[in-house]
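Coordinate-derived values only; no laboratory data. For clarity, every value in this text was computed on a predicted model and none was experimentally measured. Counting neighbours? That spans all protein chains shown, and the Cβs are built from the backbone with ideal geometry, glycine included.
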Amino acid sequence: MGGLASMSLASGLGEAYAQAFPAKSISLVVAYAPGGSTDVVSRLLAQELSPALKQSVVVENKAGGGTVIGTQFVQKAPADGHTLLFGTNAFVITSQLTKPAPWDPLRDFEPVTLVTQQALGVLVRSGMNVNTIPELIAYAKANPGKVNFASSGSGSAQHLAGEAFRTAAGIEMLHIPYKGAGPALQDLVGGQVDVMFTSLVGIAPYLATKKAVVIATTGSKRNPATPEIPTVAESGVPGLAGFEAISWQAVFAPAKTPRAVIDRLHAEMVKIGKAGGLTKQLAEQGMELRMGSADELRKVVAHERDNFIQVAKTVKFE
């Protein structure tokens, strides 16, 4: 009887807390510098969440350490739902790369919801005069050791996509990690780096300068936002048949955040997804909105961790 009473009391307290939540503004932490797709999407989500929760949802960029600084900031924050992480594949990968592990992605955080999934675009600087995947491969083979590719950080989805492409294509490309996609894109446009595997979200201004060009996308089929751009797998290069690289974005809370708070946050985000406005904005830029359950996100994280363990056997990380 005492056990049942305790469970009932805990449930009641959780529901009461959820009804009072949020009691103040919410910080949505992005572990990258401003300007990249993760930053862009987080701000779009925050704009929708603020009126839904009747509190300000403020995006905080905390770049550095290959996403360690921003992620650990959330990890150590009070478990009350007022500090959240807007994470990517790197949330899992960095935890596996760094020794000792800075966090356990399944133990130290509560999954709230998967938000997006997307294929990447293969960008090259215009000065290379490369317009197709076969031309990129030919250029790299003609200039051994001189071609590099940028990413938003070591262990990011962009980094792994570049390494997977380099291996499958049988070419040399030096990886150059940045503290976010924004700074990496700026250097690509500026001619300091040659290639980048990155989200299509927010890159239109960079393409408008005609100093960078998208030569392919990394999905299993063409991206609806850029139907004229072929996939890497369509290139006709034998080693790239079936090539696919997908990234995702999701919301996490610190471990032990009350279940009722997680459920409230998830419910509001699902409503935003069903409203359609955010879905339309992202679809126009080649990104699929996926407001899945917390359990679905937990499975994605577990799969990403297991997949990385296999990739790590063949890739050298800085």
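Do you know the relative contact order of the stretch 119-240, to the nearest whole percent, from alpha carbon pairs under 8 angstrom that are 6+ apart?
Rounded, it is 38 percent for the stretch 119-240.
Under a point spin-label approximation (7 Å from Cα along Cα-to-Cβ), what is the Lys99-Ala138 distance to one decimal in nm?
So the label points at Lys99 and Ala138 sit 4.3 nm apart.
When only Cα pairs under 8 Å and 6 or more residues apart are kept, what is the percent relative contact order across the chain?
26 percent
Please work out the FRET efficiency for the pair Val270 and Arg43, using the Cβ-Cβ distance as r and a Förster radius of 22 Å; give the result to the nearest 0.05.
My answer for the efficiency is 0.65.
How long are the semi-axes of the equivalent ellipsoid of the stretch 35-164, taking √(5λ) for every eigenvalue λ of the Cα gyration tensor, in whole Å from largest down?
Semi-axes from the Cα gyration tensor: 34, 19, 11 Å.
Simple spin-label model, 7 Å along Cα-to-Cβ: Lys210 to Ser50 in nm?
Rounded to a tenth, the inter-label distance reads 3.8 nm.
I need the calculated FRET efficiency for the pair Asn148 and Phe73, taking r as the beta carbon distance and R₀ as 35 Å, to the nearest 0.05.
0.70
Please list log₁₀ I(q)/I(0) at q = 0.09, 0.11, 0.14, 0.15 Å⁻¹ for the chain, using the Debye equation with identical point scatterers on the alpha-carbon positions.
-0.46, -0.67, -1.04, -1.18
Would you be so kind as to identify which of Leu282, Val74, Pro238 lies farthest towards the positive end of the dipole of the chain, taking Lys and Arg as +1 and Asp and Glu as -1 on Cβ and the Cα centre as origin?
Val74
If Lys and Arg each add +1 and Asp and Glu each add -1, what is the summed charge of the other residues whose beta carbon sits under 14 Å from the beta carbon of Ala101?
Summing Lys/Arg as +1 and Asp/Glu as -1 gives +1.
Can you give the angle from 0 to 90° between the axis of helix 157-169 and the longest principal axis of the chain, with both taken from C-alpha atoms, to the nearest 10?
30 degrees
Mind giving me the nanometre distance, one decimal, between the label points for Asn131 and Ile309, set 7 Å out from Cα along Cα→Cβ?
4.6 nm
What does the net charge come to around Gly202 if you take all other residues with beta carbon closer than 15 Å to its beta carbon, with K and R at +1 and D and E at -1?
That sum, taken over residues with Cβ under 15 Å, equals -1.
Where does the chain land at 222 nm, in deg cm²/dmol rounded to the nearest 500, when only DSSP H runs of n ≥ 4 count, each adding -39500 (n - 2.57), divided by all residues?
-13000 deg cm²/dmol
Mind putting a number on the dipole of the chain about its Cα centre? Charges go on the C-beta only, +1 for Lys and Arg and -1 for Asp and Glu, and I need it in Debye to the nearest 20.
Using only the charged Cβ atoms, the result is roughly 220 debye.
How much length would be gained if the chain were fully extended between Ile246 and Thr167, taking 0.36 nm per residue of separation minus their Cα-Cα distance, in nm to one decimal?
Here the segment from Ile246 to Thr167 would lengthen by 26.7 nm.
Considering amide H positions built from the backbone, and no H for Pro or chain starts, which residues 5 or more places from Val147, or on another chain, come under 5 Å of its amide H?
Excluding prolines and chain starts, which carry no amide H, the hits are Leu174.
For Glu228 and Arg298, compute 0.36 nm times the residue count separating them, minus their Cα-Cα distance, and round to one decimal in nm.
21.7 nm
Can you give me the relative contact order of the stretch 211-318 as a percent, contacts being Cα pairs under 8 Å and 6 or more apart?
18 percent
For Lys299, list the lysines whose Cα falls under 30 Å from its own Cα; do not include residues on the same chain fewer than 8 positions away.
Lys62, Lys76, Lys99, Lys179, Lys221, Lys256, Lys271, Lys274, Lys280, Lys313, Lys316
Amide H neighbours of Ser154 under 5 Å, counting only residues 5+ apart in sequence or on other chains, H built in-plane at 1.01 Å?
Amide H neighbours of Ser154, under 5 Å, 5+ apart: Tyr178.
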